[in-house]
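Here is the structure we will look at.
The values are calculated or read from the model by the stated rules, or taken from the named source; none is laboratory data. Everything quoted here is computed from the prediction, not taken from an experiment. Because the Cβ atoms are built from the backbone with ideal geometry, glycine has one as well, and the counts that use them run over all protein chains shown.
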Amino acid sequence: MKFARVLVDRSGGSALDYSIPPELEGRVGIGSRVSVHLRNRQELATVIELLDETDVPGIRPLDKLVTERPILGPNLLRLARWMGDYYCCPVETAMRAVLPQVVRKGDAFKQRLAARLTRPVDDALIAEMEKRAPKQAAIVETLRGAVAEGTENEPPDTRQPGFMPVGVLLKQAGSDRGSLMALTRKGLVVLESEIVGRDPHEGETFIHAAPHELNAEQAAVFEQVCRALDKPEKPILLHGVTGSGKTEIYLQGIQRVLDRGQGAIMLVPEIALTPQTVERFKSRFAAMQREVAVLHSHLSEGERHDEWHKINDGRARIVIGARSAVFAPVEKLGLIVVDEEHENSYKQEDPPRYHARDLAVVRGNLEGCVVLLGSATPSLESFHNSQSGKYQLLRMTQRIDDRKMPYFRIVDMRMEGSPEKGPAIISEKLRQAIEARLERKEQTILFLNRRGFSTSLSCEKCGYVAKCPNCSVSLTFHRAENRIVCHICGHTAIAPAKCPECKDPGIKYSGVGTEKVEETVSRIFPKATVRRMDADTMTRKEAYREALSAFRSRKIDILLGTQMIAKGLHFPNVTLVGIVNADISLRLPDFRAAERTFQLLTQVAGRAGRGDVEGEVFVQSFTPHHPAIQFARHHDFEGFAEQEIEWRKQWEYPPFTKMVLITGRSPHEERGRFSMETLARRLRELLPPNTTIADPTPAPLEKSHGNYRFHLMLRTHSVLKLSRALREVLAKLTFPEDVTVTVDVDAYQLM
Ligand SMILES: [Zn+2]
Ligand SMILES: [Zn+2]
């Protein structure tokens, strides 16, 4: 092969041909990273094809290889191309997601200088040196102690010399750099740089945890999983109630894959990638700890680089990580697990706007491996796929050790509160339940998905409402800082003591956030230890770890928080969960509002009763008869799904159609609206049949960060066709400079 077709990093996705110079012959492969000349600049690029001939005139040679080993296998390259086609983005944008930035840049290995003796040295030589150059003698003697592996038992003067990092050597020998350099000039010592792996879990020891024995239901499911591992056919959807032991199935499935000499990826939502989760995972595979790679957003660039290469070189065969771990370059991939597959955080909200669960299914298909999606509340998309036979459905309906499902009590908040005191925050029934837990030294979790103290600030006299100047939302009052804050753009101001418009001192704070609940609960139970966990109190990484460990050791009676505490936490002493306001997620202008509420209630409720005592859940709501609440109360996922799917079908919402959301943003309202209307008109002329296109409308969040926002909603049965047409239309249309248009395929964020 004489020519290479490459995709230049900053070229916007067009492929260019270069010749392979003689010195690189045989070393350039598909997936190699190279540097090339383009418009008088050095650019990084990825080889996507090797060619015998090319018809490009005046072809230039590649400059050099950036990494010796190809870093993008053919399947990941195919996956990137598929993403470009499906998510309507340049392949180059897709590649940016597939390869971490730090890997694309080339070798960023942490290196250090190490020294070694060039030959075995005897005592006589050292004694001789001590007379003339004691500092050099000290280095030689210290280095003699550093022996190569496997030669420790031989006498010192015949041992094979081993390397020692220069820093360590000079410190141990009490010597200096000058003496070391003198020794290298004499040829007695050589210096070489060696690569040091950065391990984010260095210094931590994990004690091996043996597999748990499976109960009958788990065993039956595991048998099906093993059967699939022998002969992968279609993705598996594992619907297991909270506490049914899905993780054990994942862990044993991964073990099975490893035993066969294959590798595995386990995806978990970022928020659930807690130290507790990682520890459980690392402990199970403690014997092969070095072969476990962890990928998450808290890694430093260097750590990410090293973890990635550890996987790419085959030194790590198991990967646990958030969304982007779906691209981990695991060789001989045998299994991809997607835990909590319904989680929205698998969807990336920046380009390329991919969904990691869906990519896992596509990648599984490319690699010929098993994809196992697990959830207590499967997404309706996945559940529908299991009903239509695209996925295999496996069920686990019992909690392990025959623990009962938590008992749901719905509190009708319309009956609570009083005209004098205003609406209640904690109902009388919930108050009694907490009190009983405090007496019995059991723990309580309170959940509210809204930060701050009061969520709105208004003047009753003149009607003033504190709104963000950049966004169409109310400002939230944070009492600890005495500021009002925009949760969209971060705009903040000092909280006014009187109305900024009419100067009336009777300004009214209303709407309840976690800070207010914390205050209320601390007032009702002055002796209880209350801890709040939300983005305001957990600004440091250690704060989260510290709070969870305090809760585990029962130093906290009541843990209160946002969705940060909703997922994956496992505390046997928690017997009560209170959902302070179930209506927040129900009221969102989103066709998935009911589904999300059902998921949230079930997940949060699942935190209760994981020990020996039965759990109880209180759901406070002003709409207690809503189906999402009632089905959650009866732990009836399939009942809920059936009803919801019927409704989606009637209105042609996903999973019955695919939804593509186009958003136009502009600081000028009219220009934004006009651009979207023009786009809609062009699309109507050119879109494939079976595509419906709504009129452009202001987005529910009309204004954000100073930009007016407009939505254009498309629904289709064939995304690939629609994406192709969209790309053509968008390439031909030019918008005013201050109008930004983005395309989101399978949109989850509809605000
Ligand atoms: Zn006023
Ligand atoms: Zn704002």
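What the table shows:
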quantity	calculated
Cβ-Cβ under 8 Å pairs, at least 6 apart or on other chains, the range 275-299 side part of a helix (DSSP H, G or I), far side at pLDDT 80 or above and surrounded by fewer than 19 Cβ atoms within 10 Å (Cβ to Cβ)	PRO275/ARG545; ARG284/PRO211; ARG284/GLN255; MET288/LEU258; ARG290/ARG315; GLU291/ARG315
Test: ASN470 is at pLDDT 90 or above, more than 30 Å from HIS626 (Cα to Cα) and touching a Gly at 6+ places or on another chain (Cβ under 6 Å)	yes
Scan of the range 491-507 for residues that are under 17 Å from VAL473 (Cα atoms) and either modelled with pLDDT under 90 or of a type in the set (Ser, Thr, Tyr) (or both), ordered by number	THR492
Members of the range 21-66 found to be part of a helix (DSSP H, G or I) and surrounded by fewer than 17 Cβ atoms within 10 Å (Cβ to Cβ), listed by number	PRO22, GLU23
Odd one out for ALA493 among (1) surrounded by fewer than 15 Cβ atoms within 10 Å (Cβ to Cβ); (2) closer than 15 Å to GLY452 by Cα; (3) more than 16 Å from ligand 2 (Cβ to nearest atom)	(3)
Filtered residues of the range 307-321 (kept if over 30 Å from LYS231 (Cβ atoms) and either among the hydrophobic types (A, V, I, L, M, F, W, C) or surrounded by 24 or more Cβ atoms within 10 Å (Cβ to Cβ) (or both))	GLU307, TRP308
Test: residue in the range 496-518 that is among the aliphatic types (A, V, I, L, M), within 14 Å of ligand 2 (Cβ to nearest atom) and without any contact (Cβ under 8 Å) to a residue 40 or more places away in the chain	no
Index of the failed condition, CYS486 passing every other in (1) within 28 Å of the chain's Cα centre (by Cα); (2) surrounded by 20 or more Cβ atoms within 10 Å (Cβ to Cβ); (3) more than 16 Å from ligand 2 (Cβ to nearest atom)	(3)
Options ALA124, ALA80: the member that is surrounded by fewer than 19 Cβ atoms within 10 Å (Cβ to Cβ) and without any contact (Cβ under 8 Å) to a residue 24 or more places away in the chain	ALA124
Search result, residues across the range 577-608 that are within 21 Å of ILE426 (Cβ to Cβ) and in contact with a Leu (Cβ under 9 Å, 6 or more places away or on another chain)	VAL577, GLY578, ILE579, VAL580, ASN581, ALA582, ILE584, SER585, THR597, ARG607, ALA608
Pairs, first under 20 Å from SER704 (Cβ atoms) and in contact (Cβ under 8 Å) with a residue 24 or more places away in the chain in the range 473-491, second near ligand 2 (Cβ under 8 Å from one of its atoms) and hydroxyl-bearing (Ser, Thr, Tyr), C-beta under 9 Å, six or more apart	VAL473/SER704; ILE488/SER704; CYS489/SER704
Those residues of the range 123-164 which are out of contact with any Lys or Arg (no Cβ under 9 Å at 6 or more places or on another chain), among the acidic types (Asp, Glu) and either modelled with pLDDT under 80 or not in a helix (DSSP H, G or I) (or both), in sequence order	GLU149, GLU154
Residue selected from the range 401-422 under the condition free of Cβ contacts under 8 Å to residues at least 12 places away in the same chain and in contact with a Ser or Thr (Cβ under 9 Å, 6 or more places away or on another chain), by the criterion nearest to THR242 (Cα to Cα)	MET415
Scope the range 5-20; condition of a type outside the set (Ser, Thr, Tyr) and in a strand (DSSP E or B); matching residues	ARG5, VAL6, LEU7, VAL8, ALA15, LEU16, ASP17
Any hit, the range 558-575, residues being surrounded by 15 or more Cβ atoms within 10 Å (Cβ to Cβ), farther than 16 Å from ASN449 by Cβ, charged (D, E, K, R) and more than 16 Å from ligand 1 (Cβ to nearest atom)	no
Single match in ARG532, ARG523 (criterion: surrounded by 14 or more Cβ atoms within 10 Å (Cβ to Cβ), away from ligand 2 (no atom under 16 Å from the Cβ) and either basic (Lys, Arg) or farther than 26 Å from PRO700 by Cβ (or both))	ARG532
Residue list for the range 441-459, restricted to those being buried (at least 20 other Cβ atoms within 10 Å of the Cβ) and within 16 Å of ligand 1 (Cβ to nearest atom)	LEU457, CYS459
Top-ranked residue of the range 702-740 - restricted to ones that are assigned to a strand (DSSP E or B) and touching a helix residue (DSSP H, G or I) at 6+ places or on another chain (Cβ under 7 Å), ranked as farthest from PRO655 (Cα to Cα)	TYR708
Residue in the range 460-469 that is part of a strand (DSSP E or B), over 35 Å from the mean Cα position of the chain (by Cα), within 16 Å of ligand 1 (Cβ to nearest atom) and without any contact (Cβ under 8 Å) to a residue 24 or more places away in the chain present	yes
Qualifying residue in the range 470-477 (condition: within 16 Å of ligand 2 (Cβ to nearest atom), within 30 Å of LEU559 (Cβ to Cβ), within 28 Å of the chain's Cα centre (by Cα) and part of a loop (DSSP other than H, G, I, E, B))	yes
Some residue of the range 426-440 being within 16 Å of ligand 1 (Cβ to nearest atom), in contact with a Lys or Arg (Cβ under 9 Å, 6 or more places away or on another chain) and not charged (D, E, K, R)	no
Qualifying residue in the range 501-521 (condition: within 16 Å of ligand 1 (Cβ to nearest atom), assigned to a loop (DSSP other than H, G, I, E, B), over 30 Å from PHE571 (Cβ atoms) and among the small types (Gly, Ala, Ser))	yes
Odd one out for ASN449 among (1) touching a residue at least 40 places away in the same chain (Cβ under 8 Å); (2) within 14 Å of ligand 2 (Cβ to nearest atom)	(2)
